[in-house]
Each structure stands twice: as structure tokens, then as C-alpha cells.
Amino acid sequence: MANTPQAKKRIRRNDRRELINRVRVSRIRTFVKQVEAALEAGDKATALAAISKVQPELQRGVAKGVLHKNTAARKFSRLTKRIAALA
């Protein structure tokens with residue numbers, strides 16, 4: 001249990017940040033799932049429209065520190081490869 005005022009404050013802050021970060025990651029997952037749904041349906045136009053929304057979300061996740069930059073790059077790369085394979 002935290003004893004110092006600073007440690008108590010840190011716990012409160014961490015709880016707030018956890019909620020915010022959880023929302024950010026969930027939002028990214030939602031956008032990725034939209035691309036994957038379009039890929040499953042075989043709809044290249046919808047997939048391209050959805051990937052244009054995923055890329056800024058991934059970059060925002062990197063900038064906010066909820067994703068590592070290589071993780072975001074890997075996810076984006078794999079999705080674009082799958083879209084290109086639909087041709």
C-alpha cells in the first residue's frame with residue numbers, strides 16, 4: 001500500500017491514464033477489425049477506405065505511447081499486403 005502522498009497521487013494518475021490508454025487501444029482495434037472485415041468480404045474498395053483510417057490511428061497510438069512504433073508498422077504492413085493480394 002502506498003504510504004507517501006506522492007505514491008498515492010501516482011496511483012490515482014496511473015488509474016486515469018489506464019482508462020485513457022485502454023480507450024485508445026480499443027479504438028485502434030476497432031479500425032483494424034473494419035479492414036479485416038472488408039478483407040474477409042473480398043471488398044478491396046472498402047478495405048482501401050478503411051486502411052486510410054487505420055494508418056493515422058496507429059500513428060496516434062505510437063505518438064501517445066500506447067503502441068511501439070515497430071508494432072504499428074508491422075500491423076500496417078501486414079494489412080496493406082493483404083489488401084494488395086486481393087487484386
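Based on protein heavy atoms only, the chain ends up with 73 Å² per residue of surface accessible to a 1.4 Å probe. Using the Cβ-Cβ distance between D43 and A63 with R0 = 25 Å, the FRET efficiency computed as 1/(1 + (r/R0)^6) comes to roughly 0.25.
Between L86 and D15, the simple label model (points 7 Å from Cα in the Cβ direction) yields a spacing of 4.4 nm. Within the listed set I28, I20, I51, the residue fluctuating most in the Gaussian network model of the chain (springs between alpha-carbon atoms under 10 angstrom) is I20.
Largest to smallest in accessible area, the residues T4, T71 fall in the order T4, T71 (1.4 Å probe, all protein chains included). Each Cα pair under 8 Å and six or more residues apart adds its sequence gap; the mean of these over the residue count of the chain is a relative contact order of 28 percent. Counting protein heavy atoms only, the chain has 53 percent of its accessible area on carbon and sulfur, 1.4 angstrom probe. Scalar couplings 3J(HN,Hα) for segment 55-69, obtained by applying the Karplus form with A = 6.51, B = -1.76, C = 1.60 to θ = phi - 60°, are 4, x, 5, 4, 5, 5, x, 5, 5, 7, x, 8, 10, 6, 5 Hz; x denotes Gly and Pro. Taking every lysine pair in the chain that is 8 or more places apart or spans two chains, those with Cα atoms closer than 25 Å amount to 17.
Our estimate of slack between S77 and R27, defined as 0.36 nm per intervening residue step minus the Cα-Cα distance, is 16.1 nm.
The values are calculated or read from the model by the stated rules, or taken from the named source; none is laboratory data. Source: prediction; values computed, not measured. Neighbour counts are summed over all protein chains in view; Cβ atoms, including those assigned to glycine, are modelled from backbone coordinates with ideal geometry. Remember, those area values only see protein heavy atoms, side chains included, never the ligands or the DNA or RNA. Shrake-Rupley method; radii C 1.70, N 1.55, O 1.52, S 1.80 Å.
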